[in-house]
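The values are calculated or read from the model by the stated rules, or taken from the named source; none is laboratory data. Just so it is clear, the model here is predicted, and its values are computed rather than measured. Cβ coordinates were reconstructed from backbone atoms using ideal geometry, including for glycine residues, and neighbour counts include every protein chain displayed. What goes into the accessible areas is simple: the full protein's heavy atoms, side chains included, and nothing from ligands, DNA or RNA. Shrake-Rupley method; radii C 1.70, N 1.55, O 1.52, S 1.80 Å.
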Amino acid sequence: QVQLVESGGGLVQAGDSLRLSCVASTLTFSDYHMGWFRQAPGKEREFVARISRFGSSTYYADSVKGRFTISRDNAKNTTFLQMNSLKPEDTAVYYCAAGTNYPVGAARSFDYWGQGTQVAVSS
């Protein structure tokens, strides 16, 4: 079955950086848009970023624009989320997702999900 496995989370201080990775298996990676979502304790899952099939288009939530960068390496079936200038409000479980539908920022546009990786930012 399709698997998405995230890594790279951890505990950092405000202002630090982290790079999340997501490796996909058992799918034709370039057939899918790739996205990142996050869910903080007591809150709903929210859209963070999305990248088109070959990386020509990227989309970001306003809360992360200018600080986070999504990218992908189709040869390695991997998508990345570079997170700079982290803030305590970025603390959440971060999920990788693969999908083919629209709209861009909707969870329902994604067909497959990873198990998540925890990011904690202390002040």
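General observations
- With a simple spin-label model that places each label point 7 Å from the Cα along the Cα-to-Cβ direction, the separation between GLU46 and ARG67 comes to 1.0 nm.
- Near GLY15: Cβ cut-off under 14 Å, other residues only, Lys/Arg at +1 and Asp/Glu at -1. The net charge is -1.
- Longest site-free stretch - the chain; sites: trypsin sites (Lys or Arg not before Pro), DSSP loop, at most 12 other Cβ within 10 Å: 66-123
- Our coupling estimate for segment 52-69, obtained by passing each phi through the Karplus curve with A = 6.51, B = -1.76, C = 1.60 and θ = phi - 60°, is 6, 4, 10, x, 6, 10, 10, 9, 9, 5, 4, 5, 10, 4, x, 10, 10, 9 Hz, Gly and Pro reported as x.
- Candidate residues ASP90, ASP31: accessible-area rank, largest first, probe 1.4 Å: ASP31, ASP90
- Pairwise Cα separations in segment 53-123 fall into 10 Å bins from 0 onward with the following percentages, short to long: 16, 50, 31, 3.
- Our coupling estimate for segment 4-21, obtained by passing each phi through the Karplus curve with A = 6.51, B = -1.76, C = 1.60 and θ = phi - 60°, is 10, 10, 8, 7, x, x, x, 9, 9, 9, 4, x, 6, 10, 9, 10, 8, 10 Hz, Gly and Pro reported as x.
- Probe 1.4 Å, all protein chains present, accessible-area order of THR26, THR91, THR117, largest first: THR26, THR91, THR117
- Over the chain - Rg/Rh using Cα atoms and the Kirkwood inverse-distance radius: 0.94
- Computed 3J(HN,Hα) for segment 80-96, one whole-Hz value per residue from the Karplus formula 6.51 cos²θ - 1.76 cosθ + 1.60 where θ = phi - 60°, is 10, 10, 8, 10, 10, 6, 5, 10, x, 6, 7, 4, 4, 8, 9, 10, 9, glycine and proline marked x.
- Remark: spin-label model distance PHE54-GLN3 equals 3.0 nm, labels positioned 7 Å along the Cα→Cβ axis.
- Ignoring lysines fewer than eight residues from LYS65 along the same chain, the ones with Cα atoms less than 23 angstrom from its Cα are LYS43, LYS87.
- Around the amide H of LEU86, modelled in the peptide plane, lie the amide H atoms of GLY15, ASP16, all under 5 Å away and 5 or more residues distant in sequence or on another chain.
- With K and R counted +1 and D and E -1, the other residues having a Cβ less than 12 Å from that of SER30 yield a net charge of +1.
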